[in-house]
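Undergrad: Okay, here's the structure, questions in a sec.
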Amino acid sequence: MSGPKKNKQELCLSARKAAEKLRALAEELERAVVNINEEEYSIVPDTRVMTSLKAKGDTFSFKLKFKLKNPLSEKEEGESVLSTEPDVENYKDLKKRMSIDFKTIKKSCIQEHVFPNSDLVERFYLDSKAMCTYPNKGEGFYETFLKQADYLYEAFKVSDMKAMNSAIKSLVQARTECHDKYK
């Protein structure tokens, strides 16, 4: 049984050409069909696109992740495709980042009584949605967890510290129950 095929495209472009490529990609996303190395792939309707922007020293990186409608790997009879996303993040790496981010959000809200950085809350929210797509990792808790993550995110958007603290406590409880059963 072979693993999922990856089709990765890395480009080195001038700033002007990169801007053109990003505009073309935006048009592809709007049409729900992306081109990767001259192969077209459909995007799952109403998909969420996760972006990652990083600046380290004099280097800047940009990454996009989203679900494809037509998988990059073909199923053999009886074989399931583990993921339809190209370059899927390792579950343990995702969980580690989420744990660190959640600890920072919790400290900020509950101990320091200040709103956390918006990028941190956004990343935790998107990571929560991504985490709940992994099979056999606690599906019975996903619905409850996602509702609490939504509640946290909405409370943050309207600057409601009391609601954020409530959501944090509910997320702690949901996480504890899930980890008790699956860890």
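The values are calculated or read from the model by the stated rules, or taken from the named source; none is laboratory data. Owing to the predicted nature of the structure, the values given are computational and were not obtained by experimental measurement. Cβ: placed from backbone, ideal geometry, glycine included. Neighbour counts: every protein chain shown.
Undergrad: How about segment 133-147: which of its residues are buried (at least 17 other Cβ atoms within 10 Å of the Cβ) and assigned to a helix (DSSP H, G or I)? Break it down stepwise before answering.
TA: Let us first name the residues in segment 133-147 that are buried (at least 17 other Cβ atoms within 10 Å of the Cβ), namely 134, 138, 141-142, 145.
Scanning segment 133-147 gives 141, 142, 145.
Undergrad: Something else now. List the residue pairs whose Cβ atoms are under 6 Å apart, where the first residue sits in segment 104-128 and is β-branched (Val, Ile, Thr), the second is outside any helix (DSSP H, G or I), and the two are 6 or more positions apart or on different chains.
TA: Pairs found: 105/116.
Undergrad: Go over the candidates 119, 150, 127 one by one and state the one that is in a helix (DSSP H, G or I), surrounded by 15 or more Cβ atoms within 10 Å (Cβ to Cβ) and acidic (Asp, Glu).
TA: The match here is 127.
Undergrad: Could you list, in sequence order, the residues of segment 157-175 that are in contact (Cβ under 8 Å) with a residue 24 or more places away in the chain, of a type in the set (Gly, Ala, Ser) and either within 20 Å of residue 93 (Cβ to Cβ) or out of contact with any helix residue (DSSP H, G or I) (no Cβ under 7 Å at 6 or more places or on another chain) (or both)?
TA: 159
Undergrad: Tell me yes or no: at least one residue of segment 133-156 is charged (D, E, K, R) and touching a residue at least 60 places away in the same chain (Cβ under 8 Å).
TA: no
Undergrad: So, one more: For segment 70-87, check the following and say yes or no: at least one residue is at pLDDT 75 or above and under 16 Å from the mean Cα position of the chain (by Cα).
TA: No, because not a single residue in segment 70-87 is at pLDDT 75 or above and under 16 Å from the mean Cα position of the chain (by Cα).
Undergrad: Here are 119, 127: which of them is within 16 Å of the chain's Cα centre (by Cα), charged (D, E, K, R) and closer than 24 Å to residue 182 by Cβ?
TA: Only one candidate qualifies: 127.
Undergrad: Among the residues of segment 146-167, how many are of a type outside the set (Gly, Ala, Ser) and within 19 Å of the chain's Cα centre (by Cα)?
TA: Summing the residues that are of a type outside the set (Gly, Ala, Ser) and within 19 Å of the chain's Cα centre (by Cα) in segment 146-167 gives 10.
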